[in-house]
Every structure is written in C-alpha cells, then in structure tokens.
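Before any comments, here is the structure.
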Amino acid sequence: MERRAFDIRGVVQGVGFRPFVHAMARRLNLTGFVANQGARVAIEVEGQPDALAQFEHALIAGAPPLARIESVSRRDLAVRGDASFQIVNSITRRDAAVYVSPDAATCDACLTELFDPTDRRYLYPCINCTACGPRLTIITGSPYDRAQTTMARFEMCADCRAEYQSPGDRRFHAEPIACHACGPTLAAIDAAGGDTGPAIEAAAGAIRAGRIVAVKGLGGFHLACDAGNNSAVAALRSRKHRDHKPFAVMVADLVAAEAVCEVSDDEATLLRSAARPIVLLKKKARGADSIAAAVAPDQTRLGLMLPYTPLHHLLMAMVNGRALVMTSGNLSDEPIAIDNDAARDRLRGIADLWLLHDRDIRVRCEDSVVRHAGHGPILIRRSRGWAPAPMALSFACAAPMLAVGGHLKNTFALAAARTAFVSHHNGDLDEVIALEAFERDVSLYEELLNVRPEIIAHDLHPDYASTRYALARSGITAIGVQHHHAHIASCMAEHGLDAPVIGIAWDGAGWGPDGTVWGGEFLVAERGGFERAAHFRNIAQPGGDRAAREPWRMALAHLRDAGIDDDGALAGIQPSARRVIRRMVDRGINTPMTSSVGRLFDAVAALCGAAPEMTYEGQAAMWLESLAEQSDAAGAYAFEIDDAGGAPLVIDTRPLIRGLHAHARAGIAPAIIARRFHTTLGAIAASVAHVARDRTGIDGVVLSGGVFANAILLVEVETALASAGMKVYRHQNMPPGDGGLCLGQIAVAAARIAGPKER
Ligand code: ZN
Ligand code: ZN
Ligand code: FE
C-alpha cells in the first residue's frame with residue numbers, strides 16, 4: 001500500500017471534477033479524499049501502486065470537459081489506512097484567488113435528454129449539468145455555490161436535490177440544476193404586455209411570420225428574426241438604428257452552416273466548441289442566397305453561430321430549418337439588455353414579442369467573435385465562453401492588480417501572483433449605463449475571484465472613462481501604460497516573452513506622449529518599457545474623430561501630403577465639401593496629426609470607392625479587406641523609410657499614395673489595388689523589422705493592434721516577416737484590438753513594480 005497527495009490547479013470548481021475523482025477512486029479501489037480549495041483541488045489517495053499509477057494517468061487524460069488543468073503536483077505520504085473514499089466539503093483559503101468557469105454550451109448528454117420524451121427534463125428550457133450551462137453570468141458572490149447565484153430563489157425539488165447531492169451523478173453540485181418542477185419557467189409576452197400562451201411556439205410562430213422576437217439568452221437578450229426574410233431583416237435594421245454593421249446568424253447545426261458558408265475543419269471546431277462563439281465564415285458562392293442580403297451587406301463573410309442554450313435548441317427546432325438573425329438586444333451603441341423589465345422597456349418599438357424566462361442574468365456577457373486566419377484563430381471579441389478563465393503568467397505580480405483597459409471594446413483584468421483573469425467585453429464606455437456596468441462588474445470580479453487590487457493600471461489617455469475611473473479610485477497606486485506598449489505587452493504575456501522584442505502595433509488611435517495620435521508603431525519593447533523605433537509618417541486627420549467616420553477626409557489629407565492636387569478619385573464627394581477639408585488640411589485647423597495605420601486604411605478605402613460615410617468602427621477597413629479578398633494579384637506599391645539619425649525611422653507613405661492614386665485614375669480594378677495595398681504593408685513590416693534587427697540584434701517580432709483583426713493583412717505581414725528570417729508572434733487567446741489592452745497593462749505594471757530585478 002502507498003499513499004499519495006495530488007494538488008491540482010486550474011478551473012476545477014463547478015465542472016464535475018470532484019465526482020470524476022470520486023468515481024475513479026472507487027473504480028480503482030482507492031481510499032482517501034478529494035476537496036475543493038478555491039483554485040485548487042486537493043486529493044489524497046491510498047492503495048496498490050499500479051492502481052495509483054492508473055489513477056494519476058487518468059486524472060489528466062480523463063478530466064471533465066470544462067475542467068482546465070494548469071498544473072498537477074504530487075508528493076508521497078505515510079499510509080493512513082482510510083476506510084473509504086470521501087468528498088470533503090470545500091475549504092476556502094482566504095489568501096488565494098478563486099477560479100470561476102466560463103459559461104458553456106449545452107452538452108450532448110443534456111441535449112439528448114432535452115429531446116427524449118421519457119426524460120423528466122424533456123423540453124425543459126433550462127436543462128444543464130456540471131459539463132454545461134451558465135456560470136459567470138449567474139454569479140452574485142463568492143464562493144460559487146447555489147446561494148451565490150441568481151438560482152438562489154428557486155427551491156430545488158426532491159429529485160433535483162437527490163441528483164445534486166449524489167457524487168455519482170452528472171449533476172452533483174451543478175449549481176444551476178433545475179427541472180420543470182422546480183426551476184425557471186418561460187413566458188412569451190407581446191408588445192401590449194399580454195401573455196401569449198405556449199412560449200416557444202409563440203416565439204417560433206412570430207419569427208416564421210416575419211416578426212422580431214427578443215430572446216433572453218445566457219449573457220443578455222438577442223433580437224431574433226428570420227435571416228432569410230428580407231423585409232424582417234430590413235425592419236430590424238431600421239428599428240434598431242443599425243445601418244450596415246453585419247448581423248450574426250444562428251443556424252441549427254454544422255450541416256446548416258455548411259449550406260451557406262465554407263467551413264474548414266478548424267472553423268468547425270470553433271463553431272462546436274463549448275464557448276460557441278460567432279465564427280466569421282466565407283459565404284458560399286451558391287447557398288448564401290438563402291440569407292437576406294441585408295444581413296451582412298458588402299461582406300464576403302458571415303458571422304455564424306450554433307445554438308448554445310437549451311432555449312435556442314428548442315426555438316431552432318420549431319422554425320422549420322430557418323436560420324435566425326441573432327443580434328444583441330439593444331439600440332445601437334447601448335449595452336445589451338439583461339433583465340426582463342429593462343428588455344421590455346428598452347426594446348419597445350424594436351421587438352414584437354419577448355421570449356423570457358425568470359432566471360436572472362447577473363453579468364452582461366455578449367457573444368464572442370472569432371475568425372480563422374492562416375495557421376490559427378483570431379479572437380475579435382473575447383467574451384462569453386472565455387471570461388473569466390484564468391491565464392497563466394510567465395511573471396509574478398508582486399501585488400494584486402487591476403488593469404482597466406481602454407475606452408472602446410473595453411475589457412478589464414485582475415491579476416495576482418502568476419495568474420490573470422480577463423473580464424467579459426464591456427463595450428464602449430461612452431454611455432453612462434455602460435460605465436455603471438463596468439464599475440459594478442469590477443467590484444463583482446474583485447469579490448468573486450478574491451483579488452483585492454493594490455495597483456491599478458490604466459491607459460495614458462486622460463479622457464478615457466477607464467482612465468478617469470482608475471485615477472479616481474482612492475487608496476490604490478495608479479500606473480499609466482502607453483496604449484501601444486500595452487498592445488505589444490499583451491501579446492508578449494500570452495507567449496511568455498520576457499526578452500526585448502520588436503513590437504508592431506497598428507491600430508486606429510492611441511495616446512502618444514509627443515502630442516500626436518499614434519497608431520502605426522514599431523516599438524523595441526520589453527515588458528517594463530519601450531522605445532519608439534519607427535512610425536508611419538504623420539498625416540493630418542481633418543476633423544479629428546469625424547475623419548474615422550468619413551474616410552474620404554483621410555484620402556484628401558494623404559493626397560495633399562503626397563502633393564497630388566487631382567482629387568478626381570473622390571468624385572463621389574461634393575466639391576464644396578472637398579474644398580472645405582482641403583482648406584482645413586492646408587491651414588492645420590482642427591487637424592490632429594496621426595501615424596495611424598487604421599486611418600491609412602480609411603484613405604485607401606476611399607480611393608478604392610468606399611461609401612462617403614461609415615456607420616460603425618472599422619467598417620472601411622473591413623470593406624477594403626473584403627475587396628482585397630476578391631483578387632490574388634501580386635505586387636506592391638513603393639514606400640520609403642526615412643532615417644533622420646537618432647530619431648525614430650519614419651515610413652514615408654507618399655510614394656505609396658502616388659502609385660495607388662495613379663492606379664485608381666488609370667481604372668485598375670479596386671480589388672487589385674486593395675490587394676496590392678495589403679501586400680505593401682507586409683513589405684513595410686518586413687523592411688522596418690529588418691532595420692530594427694540590424695540595430696538591436698532582436699529577431700522576435702510581436703504583432704498587435706486592431707488592424708491585425710484583418711486576416712489578409714495578418715497573413716501578409718507574417719509571411720513577409722518569416723521570409724525575412726524573423727520569429728513572429730501573434731495573439732492566440734486575446735484580441736489584437738483594444739479588448740486585449742488590459743492584459744498588457746497588467747504585464748507592464750507588474751514589471752514596473754518589480755523594479756530592476758524583475759526587468
Ligand atoms: Zn449538460
Ligand atoms: Zn427539480
Ligand atoms: Fe488600440
């Protein structure tokens with residue numbers, strides 16, 4: 001006989017880990033115990049050596065699907081002669097962070113029960129188990145047990161209680177456990193407030209009839225309608241005041257997804273993962289016409305997702321094979337509605353019917369968005385299904401920290417010791433309601449994860465709502481982190497890079513310490529600091545933020561900069577408007593200077609014929625990427641690199657603009673111009689990185705910033721850098737855009753407080 005202790009770290013609570021250990025110990029005739037301890041499970045087992053070896057192997061190989069094991073440590077103990085194997089009550093440790101599992105899509109076992117007429121949960125819309133269901137979105141406090149969730153007010157029936165208490169059951173300590181007899185119930189309410197009877201039937205009927213239904217999901221409301229019905233989709237657009245931004249579509253299963261889009265094996269894996277994100281997929285030449293054109297106008301891609309709650313499965317089963325638009329339940333720019341009253345109130349005039357249940361949503365958590373590019377996925381929005389999973393850090397935080405992220409696409413992060421927790425997507429912090437949710441959720445995470453920050457890291461932009469929040473919080477040391485340094489440090493943290501790197505940070509805008517707007521940056525960076533090695537030439541941004549909505553303004557600024565008087569390529573714009581902007585540029589009126597690659601994309605999009613006005617962030621760049629996707633033309637435009645000696649290198653875009661303008665005037669197809677532009681940026685990345693390597697000896701290149709959500713660009717840049725012999729790192733588990741900033745702020749702040757030793 002031998003006795004061994006195992007200490008397992010990771011997401012191990014509320015995911016069926018203890019029953020799994022219990023069942024295995026019994027099967028192998030081992031005695032001892034298993035106990036939860038916050039972010040750990042402690043196990044002691046006693047038995048024959050070969051049984052112990054089998055146990056150890058199966059511990060990792062056979063772990064339940066939602067468990068995320070970070071580490072397993074073991075040690076030998078003296079034999080104690082236990083009589084049986086026990087599940088011991090949770091032991092809470094005061095000092096350690098607590099791990100919380102992300103929400104997970106309905107598992108196959110629950111799905112089978114859902115449609116099994118003999119099962120007691122047949123057609124029950126809130127079925128779940130330890131392998132699936134709500135987690136983060138229903139938590140009200142710590143530690144994670146039923147009393148600290150929005151399920152607290154539902155008294156378990158005897159049958160559910162028996163399952164909940166039985167270690168051999170799939171629902172042992174499934175905190176949101178429920179059934180027809182004891183759990184949440186559905187209702188469908190019409191615009192007049194009347195109950196319409198059987199809820200799913202009413203909702204499905206309304207959708208089939210071309211109406212718009214507000215559907216309560218896992219982390220908020222969706223607005224749903226028949227994606228194949230042009231007038232329903234058009235009505236949704238006009239009522240929601242959303243002109244062009246693509247809608248996500250839910251299809252019943254993988255086969256239905258493959259009918260409208262091309263789906264690779266990697267993409268299928270993403271679609272079917274427990275996180276169930278929206279996956280941006282290439283529309284099929286034939287097949288995609290079953291989806292109304294207004295769903296994703298001017299896009300070669302469609303955002304598809306599969307059902308992830310039992311309610312979705314029931315609804316999809318009743319709409320006769322239709323695909324459904326499933327867009328966030330809000331008015332444009334507002335945060336998504338989460339509670340029934342707010343949804344009734346704020347979606348009045350948009351929805352015709354509300355499909356509700358009475359399990360409250362505590363944490364607003366929107367759908368995650370991901371796409372595949374080259375050899376791996378890019379997270380565009382990291383939220384439901386990812387947050388708040390722990391991320392292992394290669395460095396230690398000397399004190400518990402909070403990083404508040406940026407202003408747009410906000411996420412925040414908490415970190416302690418060697419682990420960081422990145423929040424769900426909070427959206428843009430312009431609206432009071434979004435800012436309130438941000439402040440509430442920061443407090444909730446601090447309690448939930450048991451991380452009490454002593455350091456708060458923030459962006460240097462003084463007008464970001466997140467910065468103001470950080471500076472207003474008393475009793476915590478604030479550390480400001482430059483925007484693009486945070487982008488690069490975020491990607492470094494993901495890869496555990498500590499040696500200096502060449503960081504390429506390209507995005508729309510970030511606060512630059514020299515009074516200009518940065519966004520086309522090459523930084524020689526380590527976690528604690530950086531030097532600006534190169535940047536794109538500063539260009540006037542006429543009208544500031546308005547230039548981001550009217551891309552032709554940047555086109556005019558670039559043409560003026562390149563000494564081109566002919567603005568015939570912008571013939572679609574009123575001559576008087578062009579005159580005004582030209583004058584602004586020439587006289588420097590309300591024209592901040594920017595090195596932004598995002599704004600360069602705007603200029604090129606306008607020269608390729610993009611619409612005069614954009615209605616959502618990144619629209620011009622997405623449009624240009626879609627255009628480039630239609631050409632495989634080789635070749636690039638010219639550019640120059642100015643070396644003034646001592647100062648950062650400057651990438652001169654004037655030759656690029658001249659070449660591109662000449663092509664546009666000569667009637668070269670816009671798709672070819674767009675493609676060559678992407679290739680040019682790859683060549684610029686490689687040339688500048690080459691110079692930086694010669695000067696520093698560094699050959700690791702890190703890519704970050706929202707511009708790298710563009711898959712064509714990402715692959716062009718990666719390819720060009722790799723053929724120049726550089727080692728390239730891209731984001732894997734964080735978005736390249738501002739949703740990734742908070743992790744970088746953690747990494748930089750940790751290096752700063754650690755001082756010289758850590759550096
Ligand atoms: Zn399940
Ligand atoms: Zn029950
Ligand atoms: Fe940024």
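Quick note: the coordinates plus some simple rules give every number you see, no bench work behind them. Since the structure is predicted, the reported quantities are computational estimates derived from the model, not experimental observations. So basically every Cβ, Gly included, is an ideal-geometry build from the backbone, and we count neighbours across all protein chains shown.
Would you mind pulling out the separation of the Cα centroids of region 347-426 and region 706-759, in Å? What the calculation gives is 18 Å, centre to centre. Along its first, second and third principal axes, ordered by size, region 609-679 spans 40, 29, 21 Å in Cα coordinates. For region 592-738, relative contact order (Cα pairs under 8 Å, six or more residues apart, normalised by length) works out to 22 percent. For region 225-370, relative contact order (Cα pairs under 8 Å, six or more residues apart, normalised by length) works out to 32 percent.
The dipole here belongs to the chain: it is taken about the Cα centre, uses +1 on the Cβ of Lys and Arg and -1 on the Cβ of Asp and Glu, and is about 160 debye. Restricting attention to the chain, close to 70% of DSSP beta bridges with both partner residues there are antiparallel.
Across every pair of non-identical alpha carbons in the chain, the mean reciprocal distance, once inverted, gives a Kirkwood radius of 27.5 Å. Per-residue extension of 0.36 nm, minus the Cα-Cα distance of SER443 and ASP119, leaves a gain of 112.6 nm for this segment.
Note down the Stokes-Einstein diffusion coefficient of region 533-614 in µm²/s, whole number, using a Kirkwood radius over alpha carbon pairs, 4 °C, and 1.567 mPa s. For these conditions, the coefficient is 105 µm²/s. Radius of gyration (Cα atoms) of region 520-661, expressed as a multiple of 2.2 N^0.38 Å: 1.08. Straight-line cross-link reach from LYS240 at under 28 Å between alpha-carbon atoms covers these lysines, not counting any fewer than eight positions away in the same chain: LYS216, LYS282, LYS283, LYS284, LYS409.
In the distance distribution for region 458-610, Cα-Cα pairs more than 18 Å apart total 62 percent. Hydrodynamic radius of region 1-98 by the Kirkwood approach over all distinct alpha-carbon pairs: 13.4 Å. All C-alpha to C-alpha distances of region 116-241, sorted into 10 Å bins beginning at zero, yield P(r) values of 12, 34, 29, 19, 6, 0 percent in whole numbers.
Is the shape of region 633-759 best called rounded, prolate or oblate, per the rule: a/c under 1.5 gives rounded, else a/b larger than b/c gives prolate, else oblate, with a ≥ b ≥ c the square roots of the Cα gyration tensor eigenvalues? Prolate, because a/c is 1.5 or more and a/b exceeds b/c.
Work out the FRET efficiency for THR696 and ASP50 from their Cβ-Cβ distance, taking R0 = 45 Å, and round it to the nearest 0.05. Efficiency computed from Cβ-Cβ geometry: 0.25.
Here the contact order of the chain, divided by its residue count and restricted to Cα pairs under 8 Å and six or more residues apart, works out to 11 percent. In plain terms, the bigger the Kirkwood radius, the slower the diffusion; for region 49-120, with that radius from Cα pairs, at 4 °C and 1.567 mPa s, Stokes-Einstein puts D at 77 µm²/s.
Cα-based radius of gyration for region 32-186, normalised by 2.2 N^0.38 Å, reads 1.17.
For the pair region 635-674 / region 224-262, the C-alpha centres are spaced 38 Å from each other.
Beta bridges from DSSP with both residues in region 1-104: antiparallel share about 85 percent, rounded to the nearest 5.
For region 349-402, the alpha carbon convex hull comes to 186 Å³ per residue, rounded to a whole number. Beyond 23 Å, the tail of the calculated P(r) for region 221-317 holds 22 percent of the Cα pairs. In units of the compact-protein estimate 2.2 N^0.38 Å, region 186-251 shows a Cα radius of gyration of 1.13.
For the chain, the mean residue ellipticity at 222 nm estimated from helices alone is -10000 deg cm²/dmol, where every DSSP H run of n ≥ 4 contributes -39500 (n - 2.57) and the total is divided by all residues, rounded to the nearest 500.
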